[in-house]
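Data first, discussion second: the structure below is written as structure tokens.
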Protein chains: 2
Amino acid sequence: MFCEITEVRNVTSLGAGPIGGGWTAHFLANGYDVKAYLHDKSEIEDFYNILKTAWISLKALGLAQGASLDRLTIFNDLESAVEGAQFIQESAPERLDIKQTLYQTLGTIVPQNVVIASSTSGLMMTNIQEKCSTPGRTVIGHPFNPPYLLPLVEIVGGKKTNPKTVAWAESFYAASGKSPLVMKKEIPGFVATRLQEALWREALHMVANGEATPADIDNALINGPAARMAVQGQCMAFHVACGEGGMATNLDQFGPALKLPWTRLKAPELTKELRDRMVNGCTEIASGQDFKEMALQRDKSIVAVLNAIKQSK
Amino acid sequence: MFCEITEVRNVTSLGAGPIGGGWTAHFLANGYDVKAYLHDKSEIEDFYNILKTAWISLKALGLAQGASLDRLTIFNDLESAVEGAQFIQESAPERLDIKQTLYQTLGTIVPQNVVIASSTSGLMMTNIQEKCSTPGRTVIGHPFNPPYLLPLVEIVGGKKTNPKTVAWAESFYAASGKSPLVMKKEIPGFVATRLQEALWREALHMVANGEATPADIDNALINGPAARMAVQGQCMAFHVACGEGGMATNLDQFGPALKLPWTRLKAPELTKELRDRMVNGCTEIASGQDFKEMALQRDKSIVAVLNAIKQSK
């Protein structure tokens, strides 16, 4: 149905903003030929500036063989921009009417065996694909800002998306150097934004109540959990911090703390089912590693992060 | 009243667990003479293992001149452990009765001009200091795990704490290589844990509802916002991402999104007062820097973090 992942050479990126520009830079850096569609000619200068800025970082991270900014062609005409595309990343403005009309058009001018992914952070694919005549190959591929640097891409289909599209997008993004996360359900905010948004709203409450300033919030994150979270997610951070007992010890020991007013967000009931999911999930991630090894690796990576930040300034 | 910060040479650390051990390693690495109090002789072996593990990282971060593990003396007798101390870091078990009794004793055997700081993460100093006859010099000094690596220390007094104690603790921790955060109010969870706990409870909800697995949660953090948060806190991340307009643009543009179900935590009302606090706070942090410079610095540091993590594995 879709082409082989290894055969993808031509990618089209739609959108002139920081997300569309970021994706364009990402695909160029990973050795693809990229056609970019800009709605208006006047956007070209800003678009090139995004690429130039992104390229500095992408070079420092390491370019793929043959990667070059010269492999970009810019179009202001949608039909020419999508011609020959083997994958399309759409980063149009975040308005449902604009996206619906765009997918209606793309649905007829782009061959059905080409996957079209949307960068939307706030809309659902079920709604975006409503007017599209070929919705099976449409999917969400939500990056994190800046998209040329942060590896995450969250993937989820709408009601009419073919499950094979989701699987293909996962493989393609992985091959293109991204870290895909396939969502279990189509929920608002996906996973990463939900986590960030919970933290953000607690931060706003603290500032609103005079409990902390913006400087306090940033100080708390930068010098507190963030460096560890960059190395270990929060699940493994708790799992490893509790020694041999891992997540089971964490939940049994700190379970009662979930009832404490340590944030304005109420925790879910710690049922046996939730406990088992957390414990089994962490055991799977650890996949047999000893907690002491994991703690040593955590420390080594945190030291590397702290030293790297210091040296980068 | 208290001694000059630069005159502090002798620190006492109370507690044999990972927090007491972590603080001991931190002060030794920063060139202090440290007396450690262990409740029981049987704890010595585990305690030394914590120190040895911490020392690997502390060496890699850079030891202060003259810093040595040999400058540690271990006691099982409280009076001898606190004798001559110019600062005491208490990391006893997280039980109010144990801490109250301990501060009752410390209140009489430790001279009044010596600050005593508690590592507690869940108790309030107002309660801990209740039975202490000299509560003015007692204060919270809450580290983040692992305390020998993550620089944050959150400082807040209880009702009977002298404000000079808070100021002294802030200066002393900064001089000892920590990043202090003085709390505006005595609230449960302080600042960093509240942020982390909001994120954590949203994660538990997602796992409970089959929206994500523990592996998804960690993937989302590690490959999504964490590396950026380690470089820029969340306030400055939004401020810089919005270009010239900064936090004002963010709140005006994404303000309506605060009403969306992007997390189970309800946001506070975005009043003019909250908006002003956020905007002014970010302007202060930026202190005149151009957003383009800040974005370039952000990218440079994120690249350094991502490369450092890769190389550390």
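The values are calculated or read from the model by the stated rules, or taken from the named source; none is laboratory data. The structure displayed is predicted, hence computed values, not measured ones. So basically every Cβ, Gly included, is an ideal-geometry build from the backbone, and we count neighbours across all protein chains shown.
Tabulated results
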item: Selection status of A:Gly122, among the small types (Gly, Ala, Ser) and either free of Cβ contacts under 8 Å to residues at least 40 places away in the same chain or within 30 Å of B:Asn307 (Cα to Cα) (or both); result: no
item: Matching entry among A:Ala54, A:Ala60 (being closer than 26 Å to A:Leu106 by Cβ, at pLDDT 95 or above and either assigned by TED's automatic domain parsing to the domain that holds A:Phe144 or not charged (D, E, K, R) (or both)); result: A:Ala54
item: Residue among A:Leu63, A:Leu14 that alone is within 16 Å of A:Thr73 (Cβ to Cβ) and of a type in the set (A, V, I, L, M); result: A:Leu14
item: Positions within segment A:229-238 being at the interface with another protein chain (Cβ under 7 Å from one of its Cβ atoms) and in a helix (DSSP H, G or I), in sequence order; result: A:Met229, A:Ala230, A:Val231, A:Gln234, A:Cys235, A:Met236
item: Odd one out for B:Val139, checked against (1) within 28 Å of B:Leu58 (Cβ to Cβ); (2) in contact (Cβ under 8 Å) with a residue 40 or more places away in the chain; result: (2)
item: Residue in segment B:285-306 that is facing another protein chain (nearest Cβ under 8 Å) and assigned to a loop (DSSP other than H, G, I, E, B) present; result: no
item: Check on A:Ala226, modelled with pLDDT of 95 or more and within 25 Å of B:Ile187 (Cβ to Cβ); result: yes
item: Residues located in segment B:106-125, provided they are crowded, with 16+ Cβ neighbours inside 10 Å and assigned to a helix (DSSP H, G or I); result: B:Leu106, B:Gly107, B:Met125
item: Any hit, segment A:168-184, residues being modelled with pLDDT under 95 and farther than 22 Å from A:Thr24 by Cβ; result: yes
item: Of all residues making up segment A:196-218, the number that are among the hydrophobic types (A, V, I, L, M, F, W, C), more than 16 Å from B:Ala257 (Cβ to Cβ) and assigned to a helix (DSSP H, G or I); result: 5
item: Condition check for A:Glu130: charged (D, E, K, R), away from chain B (no Cβ under 11 Å) and more than 14 Å from the chain's Cα centre (by Cα); result: yes
item: The one condition in (1) surrounded by fewer than 19 Cβ atoms within 10 Å (Cβ to Cβ); (2) farther than 30 Å from A:Ser301 by Cα that B:Gln86 fails to fulfil; result: (1)
item: Residue list for segment B:57-100, restricted to those being within 30 Å of B:Gly189 (Cα to Cα), in a helix (DSSP H, G or I) and over 21 Å from the mean Cα position of the chain (by Cα); result: B:Leu78, B:Ala81, B:Val82, B:Asp97, B:Ile98, B:Gln100
item: Residue selected from segment A:171-226 under the condition at the interface with chain B (Cβ under 7 Å from one of its Cβ atoms) and more than 23 Å from B:Ala192 (Cβ to Cβ), by the criterion surrounded by the fewest Cβ atoms within 10 Å (Cβ to Cβ); result: A:Lys185
item: Tally of residues being under 20 Å from A:Leu28 (Cα atoms) and either touching a Gly at 6+ places or on another chain (Cβ under 8 Å) or modelled with pLDDT under 95 (or both) across segment A:77-118; result: 6
item: Qualifying residue in segment A:64-87 (condition: within 14 Å of chain B (Cβ to nearest Cβ) and farther than 21 Å from A:Leu102 by Cβ); result: no
item: Index of the failed condition, A:Gln253 passing every other in (1) more than 7 Å from chain B (Cβ to nearest Cβ); (2) more than 27 Å from B:Ile309 (Cβ to Cβ); (3) in a loop (DSSP other than H, G, I, E, B); (4) of a type in the set (S, T, N, Q); result: (3)
item: Which numbered condition A:Pro188 fails, given (1) at pLDDT 95 or above; (2) assigned to a loop (DSSP other than H, G, I, E, B); (3) in contact with a Gly (Cβ under 8 Å, 6 or more places away or on another chain); result: (1)
item: Count of segment A:1-56 residues which are surrounded by 15 or more Cβ atoms within 10 Å (Cβ to Cβ) and closer than 22 Å to A:Val114 by Cα; result: 32
item: Matching residues, segment A:283-301, being among the hydroxyl-bearing types (Ser, Thr, Tyr) and in contact (Cβ under 8 Å) with a residue 12 or more places away in the chain; result: A:Thr283, A:Ser301
item: Some residue of segment A:136-157 being in a loop (DSSP other than H, G, I, E, B) and more than 11 Å from the chain's Cα centre (by Cα); result: yes
item: Filter result for the condition that a residue is assigned by TED's automatic domain parsing to the domain that holds B:Gln65 and out of contact with any Gly (no Cβ under 8 Å at 6 or more places or on another chain), over B:Ala203, B:Ala175, B:Ala241; result: B:Ala175
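Residue by residue, here is whether (1) in contact (Cβ under 8 Å) with a residue 24 or more places away in the chain; (2) under 22 Å from A:Arg264 (Cβ atoms); (3) part of a loop (DSSP other than H, G, I, E, B) holds:
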site	(1), (2), (3)
B:Ala220	no, yes, no
B:Ala227	yes, no, no
B:Leu270	no, yes, yes
B:Arg275	yes, yes, no
B:Ala308	no, no, no
